[in-house]
Amino acid sequence: MRILKFFLIPLQILVLCIFYWLVQQVVVWIHIPIPASVLGMVLLAILLIADIIPLHFIEDGSQCLIKFMPIMFVPDGVALLYSGDILKNNGVMLLVMFLISTILVMSLTAITSIYMQKDKKQINNDQKVEG
């Protein structure tokens with residue numbers, strides 16, 4: 001099973017990268033003023049909800065990417081160290097903005113997570129009733 005995951009995870013990450021690349025090409029071709037990453041997440045969510053793409057096609061690869069996500073923010077943190085003048089002049093305003101945006105993101109994530117868990121429990125209960 002470990003050998004299967006060893007090949008499965010890179011394949012799933014490749015599928016996600018190809019999907020992102022395709023969405024990026026569509027954004028460039030149609031001239032949509034939405035970042036390809038945002039449009040890609042929305043389209044992927046729609047495809048997963050509609051069961052056009054089964055979750056198991058990308059689940060392990062997505063979990064792997066989520067595990068390594070904090071590493072991606074290190075360069076941004078280092079860049080902040082070199083932005084001393086901006087922080088001195090606008091520090092309080094930036095802090096308030098960061099706090100408000102963090103609270104909004106955490107709240108929306110919690111609400112979405114609760115909704116998805118309730119929906120998943122409902123699906124499991126429906127399957128138990130049928131079986």
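The values are calculated or read from the model by the stated rules, or taken from the named source; none is laboratory data. Just so we're clear, the structure is a prediction, and the values are computed from it rather than from any experiment. We place every Cβ from the backbone using ideal geometry, glycine too, and count neighbours over all the protein chains shown.
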Check whether at least one residue in the stretch 60-79 is over 13 Å from the mean Cα position of the chain (by Cα), under 29 Å from ASP119 (Cβ atoms) and surrounded by 10 or more Cβ atoms within 10 Å (Cβ to Cβ), and report yes or no. yes
When the stretch 96-129 is examined, which residues are found to be among the aliphatic types (A, V, I, L, M) and modelled with pLDDT under 85? MET116, ILE123, VAL129
Could you please let me know if ALA50 is surrounded by 10 or more Cβ atoms within 10 Å (Cβ to Cβ) and of a type in the set (A, V, I, L, M)? no
Those residues of the stretch 22-38 which are part of a helix (DSSP H, G or I), farther than 17 Å from SER62 by Cα and hydrophobic (A, V, I, L, M, F, W, C), in sequence order: LEU22, VAL23, VAL26, VAL27, VAL28, TRP29, ILE30, ALA36
Of (1) assigned by TED's automatic domain parsing to the domain that holds TYR115; (2) of a type outside the set (Asp, Glu); (3) touching a Cys at 6+ places or on another chain (Cβ under 7 Å), ASN89 satisfies all except one. Which? (3)
Do any residues in the stretch 63-75 that are in contact (Cβ under 8 Å) with a residue 40 or more places away in the chain have Cβ atoms under 9 Å from those of residues that are surrounded by 10 or more Cβ atoms within 10 Å (Cβ to Cβ) and assigned to a helix (DSSP H, G or I), where the two are at least six apart or on different chains, and which pairs are they? CYS64/ILE9; CYS64/PRO10; CYS64/GLN12; CYS64/ILE13; LEU65/ILE13; LEU65/LEU16
Going through LEU99, LEU94, LEU104 one at a time, which residue ends up being assigned to a helix (DSSP H, G or I) and surrounded by 13 or more Cβ atoms within 10 Å (Cβ to Cβ)? LEU94
For ASP51, which of the numbered conditions (1) over 18 Å from PHE7 (Cα atoms); (2) at pLDDT 85 or above; (3) in a helix (DSSP H, G or I) fails to hold? (3)
